[in-house]
1. Taking the Cα centre as origin and putting +1 on Lys and Arg beta-carbons and -1 on Asp and Glu beta-carbons, what dipole magnitude results for chain B, to the nearest 20 debye?
2. Treating the Cα atoms of the protein assembly as shown as identical point scatterers in vacuum, please give the log10 of the normalised Debye intensity I(q)/I(0) at q = 0.08, 0.11 Å⁻¹, two decimals.
3. Please list the equivalent ellipsoid semi-axes of chain A, computed as the square roots of five times the alpha-carbon gyration tensor eigenvalues, in descending order and whole angstrom.
4. Give me, ordered by chain and number, the residues 5 or more places off B:GLU54 or on other chains with an amide H under 5 Å from its own placed amide H.
5. What are the semi-axes of the equivalent ellipsoid of the range B:62-112, taken as the square roots of 5 times the eigenvalues of the Cα gyration tensor, listed largest first and rounded to whole Å?
6. Using only Cα atoms, locate the centre of the range B:32-110 and the centre of the range A:25-92, then give the distance between them in Å, rounded to an integer.
7. Explain nothing, just the number: dipole magnitude of the protein assembly as shown about its Cα centre with +1 on each Lys and Arg Cβ and -1 on each Asp and Glu Cβ, in debye rounded to the nearest 20.
8. Under the definition of Cα pairs under 8 Å and six or more residues apart, what whole-number percent is the relative contact order of chain B?
Amino acid sequence: DTAVSQTPKYLVTQMGNDKSIKCEQNLGHDTMYWYKQDSKKFLKIMFSYNNKELIINETVPNRFSPKSPDKAHLNLHINSLELGDSAVYFCASSSRGNSYEQYFGPGTRLTVT
Amino acid sequence: GQQLNQSPQSMFIQEGEDVSMNCTSSSIFNTWLWYKQDPGEGPVLLIALYKAGELTSNGRLTAQFGITRKDSFLNISASIPSDVGIYFCAGQGSSNTGKLIFGQGTTLQVKP
């Protein structure tokens, strides 16, 4: 069974479009995260949710909006996509008692043309 | 903001050799973690360190939390081809939000 899953694996779209990436975890964790990995492999946190409540919101453009329908899901919606949004986006989760040991999904490679 | 400097940036070694990489910070971290990322996959947690001076092993991997709490290193002994990948250090500061700061990564290539 996959612990943290993301869909789609690959997403190619044009500038100006709106797209969503879905994430689900079956680990029973309370906290979920979105990370962005750029072309130089640098990983940076974007958001985190604890039991549907926003905990971390880094300086991410308003075009990015996370949505957590329940504690097992954290989706990322991106409006008006730009070329610079091209990256690999990773979802991760951790338990309430240990927020540092984070388990990552396989990633979604977003390409904006 | 807090930053981590990870070195070396890349390594190309012969199978069977030992590998060492490290991470330094200008500020104190309360937790250090080491992750490995295979191509096309997400990072996988290798070792977590919670106390200054702590030395922890996971198979052929050994990591230490520096006494000053501003550095950590990871050693891999007797490398094998499947050790290939990108190794990231990550640190957690004083806040309890789960926010991890990642190093730039060390790309390891192993020649059979």
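No value in this document is a laboratory result; all are computed from the given coordinates. This one's a predicted model, so the numbers in the text were calculated from it and none came from an experiment. Every residue, glycine as well, gets a Cβ built from its backbone with ideal geometry; the counts of neighbours run over all protein chains shown.
1. Details: 7 positive and 8 negative charges, 78 e Å.
Roughly 380 debye, rounded to the nearest 20.
2. Treating every Cα as an identical point scatterer, log10 I(q)/I(0) equals -0.29, -0.55.
3. Details: eigenvalues 102, 38, 33 Å².
For chain A, the ellipsoid semi-axes come out as 23, 14, 13 Å.
4. B:PHE65
5. 26, 13, 8
6. Each part's Cα centre sits 22 Å from the other's.
7. Details: 20 positive and 19 negative charges, 76 e Å.
In debye, rounded to 20, the protein assembly as shown gives about 360.
8. Values: 291 pairs, mean separation 41.0, N = 112.
37 percent.
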